[in-house]
Amino acid sequence: MPMKKMNRSLATFAIPAMLAAGAAQAGGLAEAVVEPAPAPAPVMVAPAPAMGNDWTGFYVGGQLGYGLLGADTLTEDLDGATYGVHAGYLYDLGSWVLGGEVDYDLTGIEDADEEFTVESIARAKLRVGYDAGVWMPYVTGGVAQVSVTDAGTEASDTGAFGGLGIDYMYSDSIRIGAEILQHQFDDFDGGGVDFDATTASARVSFQF
């Protein structure tokens, strides 16, 4: 076979073979799969501890406030500081909280001449509150006994009171709050004199 004809035959077979090899390589590149990077492991976040809002239990505490007193025989209202202690029990029914409390206040309420002084106020309370989580607004009322000194003579009598308050559950064992009470003492000690008094106080209670 002449050389020229042989070269032409080789070229005829070589070119298709090269094209086929190139196509195979191109297909291999097109079909190559890139493995995705592994997804990061999920991070578990512990939920924040939830504070319970059960108001049930015994409690004791103290209060500090201000009092304003008016009477038929006084030419002007008297005011002064109040401070004392309290103790009680609450029972949480779900949406409503019922309870009872006793408290005792000493006062600095007196006239300018210090002839008339409100020595103390003691109360027996009923409380009805609304369970709003860590907040508890409430109404309260009951019986109060006030002791006074008038021109060196001591006297005391019993009256009624009512008011509003709110408590905040600072922790499972500590509660802080505020309370406003309106008192009424009619015909004080049988002398025909009517007293009325308003007190406002800040309170701290410890539940156990």
For this session: Sum up the charges of everything whose Cβ sits under 14 Å from the Cβ of Gly141, counting Lys and Arg as +1 and Asp and Glu as -1, but leave Gly141 out.
Result: 0
Exercise. How many Å² of accessible area per residue for segment 103-208, probe 1.4 Å?
Worked result: 48 Å²
For this session: Consider all pairwise Cα distances in segment 45-175 and report the whole-number % of them above 16 Å.
Result: 69 percent
Exercise. If you project the alpha carbons of segment 118-197 onto the principal axes, what extent comes out on each, in Å, largest first?
Worked result: 48, 20, 15
Seminar exercise, completed: Ranking Thr56, Thr75 from most to least accessible area with a 1.4 Å probe gives Thr75, Thr56
Seminar exercise, completed: Full extension between Tyr104 and Trp135 adds, at 0.36 nm per residue less the Cα distance, a length in nm of 8.7 nm
For this session: Would you please give the FRET efficiency between Phe58 and Asp113, computed as 1/(1 + (r/R0)^6) with r the Cβ-Cβ distance and R0 = 41 Å, to the nearest 0.05?
Result: 0.45
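The values are calculated or read from the model by the stated rules, or taken from the named source; none is laboratory data. All of these numbers come straight from a predicted model, not from anything done at the bench. Don't worry about glycine lacking a Cβ; one is built from the backbone with ideal geometry, like all the others, and counts go over all protein chains shown. Ligands, DNA and RNA are excluded from the accessible area calculation, which covers all protein heavy atoms including side chains. Shrake-Rupley method; radii C 1.70, N 1.55, O 1.52, S 1.80 Å.
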